[in-house]
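Visitor: Below you will find the structure I want to go over with you.
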Amino acid sequence: MSIDDDILRKCKSGDRRAQQTLYEVCFPFFMKVCRLYSRDDQEAMSYLNAGFFKILKGLKKKKTHIPYFQWARRVLVNCIIDEYRKNKRYKKSETQVECYLQVENQNSYFDSNLADLIFEAEDIVEMIRKLPETTSKVFILFAVDEFDYREIAEKLKIKEVTARWHVSKARKELIKMMDMEPSFKKKQIHESIR
């Protein structure tokens, strides 16, 4: 999927119709990204709108050699992280887990390609939404958006070992949730995640 350069040029100059067209074309892609990081559709819409605003503001700085959707996804994810950090300051009930113990070696991994074949995408999103908020965000940054632990730690202002701990916790919890799923084909998946 690509965006017409003419639409991007018009958006840079402030053409509202072109911006509306860009929003409509990008909406399904952006909404999928935002739903991964949110607890519900209302929060996802909030993320999407804030992110799209930043995308429009940043279009003039976008380098032409970078594909639009690759660049826009990164802007959107960074906006979601900023919103999360901003909102987290106001959520005093949630405590940040600092784990100074070395994370155990992973003898298993979460094979997202195989999981996609077995579960519907909505099932996977719902499982990720059930994780604790910070664990969910860290896992998505790592598994979906391919940030490394150092980048995650910098973005969320946590220690690198804490980012590793959250990914490890997410993997374990997702495996447990998959084991409890009635439609789960245990024999096939156990060979790939253990």
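So that you can scan it fast, the table gives a plain yes or no per residue for (1) of a type in the set (V, I, T); (2) at pLDDT 90 or above:
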| residue | (1), (2) |
| --- | --- |
| E126 | no, no |
| R129 | no, no |
| E133 | no, no |
| V144 | yes, no |
| Y149 | no, yes |
| K169 | no, yes |
| F184 | no, no |
| Q188 | no, no |
| R194 | no, no |
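Visitor: Might you check whether a residue that is more than 21 Å from D145 (Cβ to Cβ), of a type in the set (V, I, T) and at pLDDT 90 or above occurs anywhere in the range 48-61?
Guide: No, the conditions are met nowhere in the range 48-61.
Visitor: With the requirement that a residue be touching a residue at least 40 places away in the same chain (Cβ under 8 Å) and within 14 Å of I81 (Cβ to Cβ), what does the range 149-165 give you?
Guide: If the condition is that a residue be touching a residue at least 40 places away in the same chain (Cβ under 8 Å) and within 14 Å of I81 (Cβ to Cβ), then K155, L156, K157, I158 are the ones that fit.
Visitor: Which residue is nearest to M127 (Cα to Cα), if the candidates are limited to the range 51-73 and must be surrounded by 14 or more Cβ atoms within 10 Å (Cβ to Cβ) and under 15 Å from the mean Cα position of the chain (by Cα)?
Guide: Among residues in the range 51-73 that are surrounded by 14 or more Cβ atoms within 10 Å (Cβ to Cβ) and under 15 Å from the mean Cα position of the chain (by Cα), the one nearest to M127 (Cα to Cα) is R73.
Visitor: Take the range 148-179 and flag every residue that is in a helix (DSSP H, G or I), of a type in the set (V, I, T), over 16 Å from the mean Cα position of the chain (by Cα) and surrounded by 19 or more Cβ atoms within 10 Å (Cβ to Cβ).
Guide: Within the range 148-179, just T162 meets the criteria.
The values are calculated or read from the model by the stated rules, or taken from the named source; none is laboratory data. A quick note: this is a predicted structure, and the numbers were derived from the prediction, not measured. Using ideal geometry, Cβ is built from the backbone for each residue, glycine included, and neighbour counts are taken over all protein chains shown.
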